[in-house]
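This report concerns only the one structure given below.
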Amino acid sequence: MTRLRLPLVLLLLVVVTACGGIPQRPPRLEGSSNECMAAVLSQKLPANLPDEHAHCVASGLIARYCSVFEAHLAGIGKEFRDLFTRGDASWADWRADRLGVGCARRAPDDEALAACCEP
């Protein structure tokens with residue numbers, strides 16, 4: 001029963017927190033959600049970041065270049081994939097994803113977003 005509650009709680013968090021805007025939003029990289037998220041990860045995310053820092057920056061960049069909803073969706077999707085594969089699903093990653101979205105809401109550009117995510 002508890003396993004079923006976690007996805008519902010996560011979905012509720014996404015819906016509630018997806019309403020805030022991003023200041024100075026740059027143009028969207030791609031039209032569809034999957035293409036936009038993939039473009040952000042391949043074009044904007046710096047290589048070789050520690051795991052939690054990468055989660056924060058990736059979520060923030062997805063929020064900036066796609067949408068806040070898609071950033072939350074990507075974070076939840078990654079953790080669900082980790083639950084059902086040999087990945088490492090963790091609350092720390094989910095917290096880092098949420099921090100990244102918060103950083104995107106406060107940061108005027110990508111550099112400030114990355115600085116906000118630094119441990």
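Modelled spin labels at Ser90 and Arg25, positioned 7 Å past Cα toward Cβ, are 3.2 nm from each other. Residue-wise HN-Hα couplings along the range 48-55, as the Karplus relation 6.51 cos²θ - 1.76 cosθ + 1.60 with θ = phi - 60° gives them from phi, are 6, 8, x, 3, 5, 5, 4, 4 Hz; Gly and Pro carry x. Across all directions, the shadow cast by the convex hull of the range 50-119 built on its C-alpha atoms averages 4.1 square nanometres. Across the range 61-74, rounded Karplus estimates of 3J(HN,Hα) from the backbone phi angles (6.51 cos²θ - 1.76 cosθ + 1.60, θ = phi - 60°) give 5, 5, 4, 5, 9, 10, 6, 4, 4, 5, 5, 5, 4, 5 Hz, Gly and Pro being marked x. With R₀ set to 30 Å, the beta-carbon distance separating Arg106 from Leu83 gives a calculated FRET efficiency near 0.50. As a rough guide to protection, the peptides 44-56, 78-90, 98-110 ranked by mean Cβ packing within 10 Å, highest first, stand as 98-110, 44-56, 78-90. Other residues within the sphere of radius under 14 Å centred on the Cβ of Trp91, judged by their own Cβ, net out at -4 (K and R +1, D and E -1).
Bear in mind that the values in this text are calculations on the coordinates, not laboratory data. The model shown is predicted, which means the values in this text are computed figures rather than measured ones. Please note: Cβ atoms are built from the backbone with ideal geometry, for glycine as well, and neighbour counts cover all protein chains shown.
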